[in-house]
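Worksheet: one structure, shown below.
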Amino acid sequence: MTDYARSESGPPDAESTFVLLDRANAGDRAALDLLFARYLKPLQRWASGRLPAWARGAGDTHDLVQDTLLGAFKKIGSFEPKREGAFQAYLRQAVMNRLRDQLRRVQARPRTEPFLDPHDETGVSPLEHAIAMETFERYETALSRLSTEEQEAIIGRVEMDNTYDELARNLGKPSADAARMAVTRALVRLAEEMRHGSQR
């Protein structure tokens, strides 16, 4: 069994991702397909629920993620990650940008029918959506102020639910314990930035 076959079924490691990126940049379609398969499901899980029900149209979140990855992979030659976590963060940011675009488009559209129910099918009111969006924006702003490695640690652990062994590989750390410490430090910094942001 090749390294590529192993990486598709098991957790990805930094070396194989870099090899696949090199192969994809050289025009290897099979390598591109493997990268796509590796990141599609985790990003779909992450994005699921990020769009409130009132912002979802015919193209659901899964389709949005798939389209975003296709677009990002067309520009794959311009990306040179230092760690696997950087590539994951790059793709996550591309999806995040599309989610924001979708929200802006929906919010800008005039409502063509009366808003009869103050709650969507999830039972969440528009006010609760607004508060959640404001908190999320504070989180995103604080996250952007952290170092690249701190961002990768938080995204990998909190958003993508990577194990500490996976994070160690993604962050280039020598052990799961070292990855755990990196996440802890990053979360402390994030909390500080969110607190400072709320005081501005």
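Derivation of every value follows stated rules applied to the coordinates shown; laboratory data play no part. Quick caveat, the model's predicted, so the values are computed rather than measured. Glycine gets a Cβ as well: all are built from the backbone with ideal geometry, and neighbour counts include every protein chain shown.
Scalar couplings 3J(HN,Hα) for the stretch 18-27, obtained by applying the Karplus form with A = 6.51, B = -1.76, C = 1.60 to θ = phi - 60°, are 5, 4, 5, 5, 4, 5, 5, 5, 7, x Hz; x denotes Gly and Pro. Straightening the chain between Leu70 and Ala37 buys 10.8 nm, computed as 0.36 nm per residue apart minus the Cα-Cα spacing.
Rounded to the nearest 0.05, the FRET efficiency derived from the C-beta distance between Asp177 and Asp63 at R0 = 35 Å is 0.35. Sparse packing (at most 15 other Cβ atoms within 10 Å of the Cβ) combined with a DSSP loop state is found for the following trypsin sites (Lys or Arg not before Pro) in the stretch 77-108: Lys82. Residue ranges 171-183, 154-166 sort as 154-166, 171-183 when ordered by packing (mean number of other C-beta atoms within 10 Å per residue, highest first).
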